[in-house]
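Undergrad: Have a look at the structure that comes next, please.
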Amino acid sequence: MRRKKQSDDITEAPADSSAEPASPVEASSESQSKPAPKASTRGRRRKAADEDPDAKQLAFDVEGDPPANEAAPETSDPPAAPRGSRRRKKPDVSAEATPEPNMAKDAPEPVEPQRKPKRTRSKVKDEPATVDPLEEFSVGFPTFSFRAIEPRPPRSQSPEARGSVPRKSRDRRRREHQDLEITAAAAVQPRTRQTRTSAKDRTPEATAPEPQTVVEEPKKPEPKPLIPIPADAPQIVVRDGIPSLVREGKVIPPLAFFGSPTTEERSAIVFEEIHMAGAAGVHLHFLLTELEVDRSAVSESVAIASYLISKAAEADPEAQVILRLVFVSPTGWESSYPDAVYSDQSGRLAEPSVADDEYWDEARKCLIDFIKQIRKSAVSQHLIGIHLERGEWFIADGVGYDTSRAATRKFRDWARTRYNGDEVSLRAAWFNGQASFANLEIPPFQTPKAEDVSFVRLSRKERPWVDYHLFLSDATASRVADLAYAVKEASAGYFLAGVSYGYTFEWAHPASGHLSLGKILRTPEIDFVAGPPSYRNREPGGAAPFPCPVDSFPLNGKLYISEEDYKTAISSYAESDDFNPVIKTPQALECVHWRGIGAALAHASGVCWMDLWGNGWLKTSTIWNRGTQALSKFIQRMSAPLGGPDVAVFIDERALAYLVDKESFAQLVQNVRESVLRSGLSAGFYLLSDLAHREQFPESKVYIFLNAWDMRSEHRAAIKARLQKSGKVLFWLYAAGLFDAGRESLERAREVTGIALKPQPFHSRTGTTILNRRHPLCEAFPDRGVVGGGTMVPSYFAIPEEATVLGEYSQTGLPSFVVKEFRDPSSPENNWTSVFLGEPSVSSGLIRSLGQYAGAHVWNFHNDVVHVRPPFLTIHCTGEGQRALALPANFSAYDLLKGDWSTIESATLRFNALDGSTHLFLVGLREELQALLAVSPDDALRMEDIPTRPENTTRFDLDTLDVSIVQLGEWIEGGVPEEISDEWFLKPLATEPFEEAPFEEPATEEPGKVGRRRRSRRRPMDSNGGRGKSNAPEGFDELGLGVMFRKRD
């Protein structure tokens, strides 16, 4: 991500096919139960022509169709025009009847069947009577007769002499194929043209039935056995919700140093920085080294790595080293591994494909040899893990797709697994009747164009791109998991395994390969995941947010390490990463360092200070004195249990595969993340899949769904079982439930949101006018009452059945901001609230109002960056001036940087802030804070008994969670004619007389401001001429919308 910024649980269950084909037994029984169809007029003419060549037309009736193995005679007559045709083709009189090729010459005359009397339809239905089957013919009912196949007489002319083979009739083609087995396997096989042979030429081989092709379900690979971890081995242990690095019963605080000793000069700088870090008590070090994918070069890589570890041990005798091992392709690899070769969009040779098993099997063998050899070296006691590196395992924006032959094969296998080997489901999902697992191709790379109005791929014809984006991520995650298993296996469980992955909040292009973080987190061989803070706003005063859902890592038993590669002015070398801003002053560096430490304390993660290029960014004692202070804060973090946040933010990484528009991604994902961090609330960021796959999920008061577009069944079950209760507030941004495992399912949105949604007219502009200024959620919006704006296609509005409409789209007048409260007087524990906002613009004020509406505590009202998980509170100030933090009742605050009590049992914490300054506090009851401050570091760092790792997975019974689903066309606005009932308009009620409320003059306007006129409210007249109660749903009358919805009869 840093170097290539400018240039580079389970498989989802596919949507079942809408209908299952009938079995052969069912098809046979159905065909036998139906009466034989009456022969067509054309068939009668053909039969007559065979018996009497001079006769032009002779009609007779037959009893049902001839057997399937008897070919129908052919004539030169044109086919009969279909029913309803206005024009009948002229017959071709130039061709005469000719004998069918390969037929016997001496054949007896065919037996003329008996004529069938005409049917008469009775107007009165009598009760069925039991009659003898032989008597049915006498009463006029058709019967089936069977006779032996008799060859037809020869014709006077062959088809070759006639010039062309006569076209087979529709009935004849049906009869020739009526013996085919009606199965799903037969349906997906391409039909081949059948050739007829005479009885003389038939051989057992020709008459033997062809073997049926059965579509087998793909075999799932057997799970690998877990590698046992010795008790004295380095490992990640979760205690009180906090992941900790433990070795031989001692906890290593998660503050690390990274160095890049790529040259002799840079190596001297890095080892000097390691010496400073070790003197400050920081003993965890990451060192960059390379591993060439060549078995003959492994020994050289081991020698270099051993030298680096030994030099690090000399600089810091207590060094605990993790090698960041970069896989390097050997010279001429493209000729040795041709299936891994592909080019990027510029035509340059790309790195070997992650899908090529041959190349990565060689890399795996090299990795195993590397680990086995280095474990035998004298420095092995200082090596505790391997950080697997390959360009941070992402594909940069604009580079293109992996189009190698290996990727094509893997994509086909992946699709076969995803669709359970059912090509009918594949074709339905792709809207392509020719799609087959055997011939799937990688879709062409597409760059979003200016005329593209849709920001997500909604059409089924775009499903190949969605599937390929998911495949790229799954292939990457599978490769990383395989290498991590090799690390554990080769080291006998003594090495940690980590990876840089999961930049879910950063990559707007869906082909990044980083959409499978959930699978990485559920891989037991992976211990830690690393990533840099966002490069968007990492200067002082900025949020520098995590690139991933950081709170998912401790929930899944992993340690997240924030790689803070802040470029300082200490270095005199020029670096190529222009996207990384320079932190110019020591004061600014101190502020951003404490900002990162405070964020790690709140989210139970670690921090790594990086000298990315080995240019001496951190070569000063002032920085490492700060490191000593930071270590004490991490030790205190281990002594305080991790509580749940008040606000839980969900992001669905798999739904990002539908993305097209990068600007919409910035609005819906990145800007909302920024607003949450500046709302002053305690917030956590999670994967949506954590809600369904984690047995223990933190309790919160507000749940924000950023991109719940693909609402799969396990997500629906988890939301309904865990969140729709206990007074929780669920906030749905833009839209929810557009798909269900890739299939359109907007009509099911109400099942999880409680609010039915429908798309606006095409190309409608967003922008909401606030209607109810008195509602608590509307206080966060500006006085002008208009929110958002612009064009986002598609956009969605809410169907306000028993809901309160707070805002409407300014252009269309459709509900865009809706609140619906679910109240059960008999069971208050089942109460919950759903809030829908169709606008992509979400401010920190709205998030703050949602928190207050749900009863959450707001710590800061100044739009500063806040990371809080009591007892740790971090404020990174934007702008200077006085700050007043709100504390819960009887709380005290202790300043961790000054080492003094800021306030004792007070409701307000006041201090003077500078722009970009960072403030760290312990907040809570004074007695609890004093006990935390008195904890001995040795006691906090001791962990003699390693707790067992829980399985921590769960499943829900979907059958017990079904509720009635409203169809979008079921609710229509009152007074709309049936012919346009599918369209929605907001109109004044015209069912009852109204009287106007007294008009109030608007308040005096200030110069330069636009006044707001209070809306007049109309109430229906009751029978006594007074103001009665409207029949409109609750919330409409007081808003003055004048809209009534009724259910379709």
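A short reminder: the numbers here are calculations on the coordinates, not readings from a lab. None of these values were measured; they are calculated from a predicted model. Counting neighbours? That spans all protein chains shown, and the Cβs are built from the backbone with ideal geometry, glycine included.
Undergrad: Compute the signed sum of charges (Lys and Arg +1, Asp and Glu -1) over the other residues within less than 13 Å, Cβ to Cβ, of S795. All intermediate terms of the calculation are to be shown ahead of the outcome.
TA: Numbers: positive: K758, R765; negative: D661, E808, E839.
Counting the neighbours of S795, the net charge comes to -1.
Undergrad: If you don't mind, there's one more thing I want to ask. Taking the Cβ of Q724 as the center, what net charge do the other residues with Cβ under 13 Å away carry, scoring Lys and Arg +1 and Asp and Glu -1?
TA: Values: positive: R716, K720, R722, K725, K728, R750, K820, R823; negative: E751, E821, D824, E829.
That sum, taken over residues with Cβ under 13 Å, equals +4.
Undergrad: Once phi is turned into ³J(HN,Hα) by the Karplus curve 6.51 cos²θ - 1.76 cosθ + 1.60 with θ = phi - 60°, what whole-Hz value does each residue of the stretch 286-302 show in order, with x for glycine and proline?
TA: So the J values, rounded to whole Hz, are 10, 10, 7, 8, 10, 10, 6, 7, 7, 4, 6, 9, 5, 4, 5, 5, 5.
Undergrad: Hey, with R₀ at 30 Å, roughly what FRET efficiency would R247 and Q696 work out to, going by the Cβ-Cβ distance, to 0.05? Display every interim value, and only then the final one.
TA: Numbers: r = 26 Å, r/R0 = 0.88.
It comes out at approximately 0.70.
Undergrad: Still on this structure, I have one more. Starting from 0.36 nm per residue, how many nanometres of slack lie between A907 and A297 once their C-alpha separation is accounted for?
TA: Values: separation 610, 0.36 × 610 = 219.60 nm, distance 6.52 nm.
That works out to 213.1 nm of additional length.
Undergrad: With θ set to phi - 60°, apply the Karplus curve 6.51 cos²θ - 1.76 cosθ + 1.60 along the stretch 628-642 and write out the HN-Hα couplings as whole Hz, x wherever there is a Gly or Pro.
TA: 4, 4, 5, 4, 5, 5, 5, 5, 5, 4, 5, 8, 10, x, 8
Undergrad: Report the full-extension gain for the segment A886 to S346: residue separation times 0.36 nm, less the Cα-Cα distance, to one decimal in nm.
TA: Working: separation 540, 0.36 × 540 = 194.40 nm, distance 5.48 nm.
The span from A886 to S346 would gain 188.9 nm if fully extended.
Undergrad: Assuming 0.36 nm per residue, please report the length gained on full extension of the stretch Q434 to D915 beyond their Cα-Cα distance.
TA: Working: separation 481, 0.36 × 481 = 173.16 nm, distance 6.17 nm.
Full extension of this stretch gives 167.0 nm more.
Undergrad: Okay, moving on. Return the loop-located trypsin sites (Lys or Arg not before Pro) in the stretch 302-358 (DSSP other than H, G, I, E, B) with at most 10 other Cβ atoms within 10 Å of their own Cβ; answer none if there are none. Walk me through the numbers before you get to the answer.
TA: Numbers: sites: K311, R324, R348; in loops: R348.
When the trypsin sites (Lys or Arg not before Pro) of the stretch 302-358 are filtered for loop state and at most 10 Cβ neighbours within 10 Å, R348 remain.
Undergrad: Could I ask something else about it? If Lys and Arg each add +1 and Asp and Glu each add -1, what is the summed charge of the other residues whose beta carbon sits under 13 Å from the beta carbon of S632?
TA: Counting the neighbours of S632, the net charge comes to +2.
Undergrad: Set the Förster radius R0 to 35 Å, insert the Cβ-Cβ distance between I570 and E779 as r into 1/(1 + (r/R0)^6), and round the FRET efficiency to 0.05. Before the final figure, lay out each step's value.
TA: Details: r = 47 Å, r/R0 = 1.35.
Efficiency computed from Cβ-Cβ geometry: 0.15.
Undergrad: Right, another one. Name the long-range amide H neighbours of S562: under 5 Å, sequence gap of 5 or more, or other chain; modelled H, no Pro or chain starts.
TA: Answer set, sorted by chain and number: G606, V607, C608.
Undergrad: For A756, what residues show an amide H to amide H distance below 5 Å, using hydrogens built from the backbone and excluding near sequence neighbours?
TA: It is I799, E801, by chain and number.
Undergrad: In the structure displayed, which of K250/K633; K558/K701; K461/K725; K567/K662; K250/K376 lie more than 29 Å apart, Cα to Cα?
TA: Values: K250/K633 17 Å; K558/K701 25 Å; K461/K725 39 Å; K567/K662 27 Å; K250/K376 24 Å.
Checking Cα-Cα distances, K461/K725 exceed 29 Å.
Undergrad: Let me ask you something else. Using a simple spin-label model with points 7 Å from Cα along the Cα→Cβ vector, what separation in nm is obtained for E802 and E928?
TA: Computed distance between label sites E802 and E928 equals 3.9 nm.
Undergrad: Going by amide H atoms built from the backbone, whose H comes under 5 Å of the H on S726, apart from near neighbours?
TA: N830, N831
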